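The values are calculated or read from the model by the stated rules, or taken from the named source; none is laboratory data. Predicted model, so just to flag it, every value in this text is computed and none were measured. Here the Cβ is made from the backbone with ideal geometry for all residues, glycine too, and neighbour counts use every protein chain on show. What goes into the accessible areas is simple: the full protein's heavy atoms, side chains included, and nothing from ligands, DNA or RNA. Shrake-Rupley method; radii C 1.70, N 1.55, O 1.52, S 1.80 Å.
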Amino acid sequence: MSQFDVLFEPVRIGPVTAPNRFYQVPHCNGFGYRMPRGLAAMRGIKAEGGWGVVCTEETEIHHTSDIAPYFEGRLWNDDDIPALASMADAVHQHGSLAGIELAYSGLNASNLYSRLPALGPRSMGTIGASGYEPVQTRRMDQEDIRNLRRWHREAALRAQRAGFDIIYCYAGHGMSAAAQFILRRYNDRTDEYGGSLENRTRLLRELIEETKDAVGGRCAIAVRFAVDEWMGEDGITWQGEGHDVVAMLAELPDLWDVNVSNWSHDSSPSRFEPEGFQEKYTSFVKQLTTKPVVGVGRYTSPDSMVSAIQRGVLDLVGAARPSIADPFLPTKIKEGRIEDIRECIGCNICVTGDTRFVPIRCTQNPTMGEEWRRGWHPEIIAPRKSAKEIMVIGAGPSGLEAARALGQRGYEVSLLEARKELGGRVLRESALPGLNEWRRVVDWRLTQIRKMKNISVYPSSPMNAKDMIESGVKNVVLATGAVWRRDGMGRTLSKPVSGHDLPNLFSPDDLMDGKLPSGRVILYDDEHYYMGSVLAEFLAAGGCDVSLITPAPLVSYWSQFTLEQERVQRKLMKTGARIYVQHVLDSIGKDSVTISSTITGHVRELEKEAVVVVTDRISNDGLYYQLKPALDEGTIDSLRLIGDAEAPGIIAQAVFSGHLAAREFDESPVEGTPFKVERMSAV
Ligand code: ADP
Ligand code: SF4
């Protein structure tokens, strides 16, 4: 008996039964219909790891609703069945249920691929793709609505033929026609699909009834519905229409999958919301229906999961990100290996697979997205091929992961770190505002490393080339990281900014080392992810008067791909920080800086007491070049530079780089492309 047994109880969902309460809700992944093998392998690993239900992402049901340039699921016609069937098969192989989220995207489709008019409750500029496509939808007439219902029914039948057990009617995130008909701001109709809430819900009701009629004998019918949009009275709320829609349809579907909208709220990063943050909005649902309810909230702690079940908030614990960070989370709970759970850090790098159109990746789980093309498994790794000993220098994310994975292979590893504390950049960055959960990248790896007797860890051990060669070491992995530039050079400035050598200029490293400016601070961000805005927030909280200057058209430009940009900017503006987008730092003087518009060249002078530059970093690759001759002479056998020391980037890349080095150690180098590539047949 364990306190977690409740999580392993089967749950009946209409005509099917989930083997346990772990439910991987639909999530995008960048594979979509374009890379079905990668997709099937990734979903199959989730089932293998114990997720009782594994769903697709949103799946297009008709060519009049294509959400190009995004790659999601596709079930336009029978030719799309085999690819999805391979995913359902991969899930069934492990005794789990496969769910499919059928989506007619309406206003969210711009039909950039099909070039046909998109259809919506009214004619308006579409809200999908870039969000600003110069294209409007056509208002659906009664015939269009009848057609949509037929297409949905046909897609449900195809989904059943593909082997799916749970079929969704999607009304979440404002991203489907069924949701958009419900939302007053999109529905100005005067027919029986407009006006009262009952009328606006008619389409969703019909889709549920007709899907049930088509496939309800064998498949469960799920509804994904966002009960609150975080827009107050401008949208639906959990106390208002969100509540009333659930009340109206309470017993109609076999399963309620409820969340908040839009997607950036639903997938809130840890920078803004804690575990379980959706309970406040979704917990009413179970009081209105006897059908099972699934909900999400970045649950990674089994105690929180049990609590959500026992408090009557949920029947099934929904997860996208926790299942990405650890596909084996359920198995680890079952086996009582709680400390082995690789907890999601809530960074949303996984989301960038979708938003950047590439296979999904994850900061915590370097094998995510690599299941098919590299044959990587999140828990299994090839055993060592020799008794070689390896020295890993640097215990940031790349060095920790390299040491851990080499240790898992069975090699004798020494991990040496110059600082007293292990963790490198992650340890330092996770002390900044909102990034506390990121520490899990270090904590999980240290927990694993401490369990392995074949890994010896030496903190406070700065290493130089001479000592290393004298130690007789034969195999070296260098994970020595990078330092932030102090001269403003980066993708915009190709020469040091004049005045960078004046006092009161700070780099992110200075701030993380506790050297802090005061008064009027100019922060120049040419890095564009989180560091600039996090430091601006940190300085503002410390009483500085902050002006953020960036050459990009948005603050923290790249954070739009992690769904954070708007919230980052809102938070910054609330601190009173002044924001100058599309401006470059021209020069730094004693009491002021000059900046100029990247568009007009117009120059301004801003008073300052200090300047913080967040631009490029410089790799710590000195040791590598000092040791290279020893490699060439044969004094050492192998030498590999990884992580930020090889090429500064995001933490996910550092972890991946460390993992790759461990997998490739002792293997013969591959000629050509070192992974499988999915190619479409030309016929
Ligand atoms: P990455 O993101 O690639 O893992 P980090 O900057 O996070 O890089 O970590 C690099 C780590 O390497 C830091 O903790 C740093 O103290 C350590 N380090 C750098 N040079 C040496 C060295 N010569 N000897 C030992 N440790 C080093
Ligand atoms: Fe969690 Fe980040 Fe991994 Fe996404 S990328 S699953 S948010 S750790």
Using the Cα atoms of region 1-159, I'd like the radius of gyration and the largest Cα-Cα distance, Dmax, both in angstrom. 17.6, 60
Taking the alpha carbon gyration tensor of region 391-454, what are the square roots of 5 times its eigenvalues, largest first, to the nearest whole Å? 22, 12, 8
Cα pairs beyond 39 Å in the chain, in percent, come to 38 percent
Give the calculated FRET efficiency between Arg161 and Met1 to the nearest 0.05, with a Förster radius of 35 Å applied to their Cβ-Cβ distance. 0.25
Under-5 Å amide H pairs with Leu639, H placed in peptide plane, nonlocal only: Val476
Counting only Cα, what are the radius of gyration and maximum Cα-Cα distance Dmax of region 261-345, in Å? 12.9, 37
Once both axes come from the Cα atoms, what is the angle between helix 440-451 and the longest principal axis of the chain, in degrees from 0 to 90, rounded to 10? 70 degrees
Compute for region 459-527: radius of gyration divided by Kirkwood radius, i.e. Rg/Rh, restricted to C-alpha atoms, rounded to two decimals. 1.13
Student exercise, the chain dipole from Lys, Arg, Asp, Glu Cβ charges, in Debye to nearest 20: 500 debye
Report the accessible area of Glu401, computed with a 1.4 Å probe over the heavy atoms of all protein chains in place, in Å² rounded to the nearest 10. 0 Å²
Within a Cβ distance under 13 Å of Asp510, other residues only, what is the Lys/Arg minus Asp/Glu net charge? +2
Over the chain, give the accessible area per residue in Å² for a 1.4 Å probe, as an integer. 38 Å²
Relative to the longest principal axis of the C-alpha atoms of the chain, give the angle of the C-alpha long axis of helix 36-48, reported between 0 and 90° and rounded to the nearest 10°. 90 degrees
Going by alpha carbons, how many degrees (0 to 90, nearest 10) lie between the helix axis of 622-633 and the longest principal axis of the chain? 80 degrees
Which entries of Lys334/Lys388; Lys388/Lys628; Lys46/Lys676; Lys291/Lys334; Lys474/Lys676 have Cα-Cα distances beyond 29 Å here? Lys334/Lys388; Lys474/Lys676
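When you count, for each residue, the other Cβ atoms within 10 Å and take the mean per peptide, how do 597-605, 52-60, 311-319 rank with the highest first?
Put in order of decreasing packing, that is 52-60, 311-319, 597-605.
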Shape category assigned to region 349-491 from the gyration tensor of Cα positions, a/c cut at 1.5: oblate
Residues of region 107-146 with amide N under 16 Å of a point placed 7 Å along Cα→Cβ from Glu192: 141-146
Simple spin-label model, 7 Å along Cα-to-Cβ: Tyr625 to Asp244 in nm? 7.0 nm
Which FRET efficiency value, to the nearest 0.05, is calculated for Gln287 and Ile599 with the Förster distance at 51 angstrom and r the Cβ-Cβ distance? 0.40
Compactness of region 433-572 - radius of gyration and Dmax, Cα, Å: 19.3, 55
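Based on the alpha-carbon gyration tensor of region 531-644, what equivalent-ellipsoid semi-axes (square roots of 5 times the eigenvalues) come out, in whole Å, largest first?
So the equivalent ellipsoid measures 38, 19, 14 Å along its semi-axes.
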So for R0 = 56 Å, FRET eff. of Asp234-Ile469 from the Cβ-Cβ r, to 0.05, ends up at 0.25
Report the net charge of residues surrounding Glu646, where surrounding means a beta-carbon distance below 9 angstrom and charges are Lys +1, Arg +1, Asp -1, Glu -1. -1
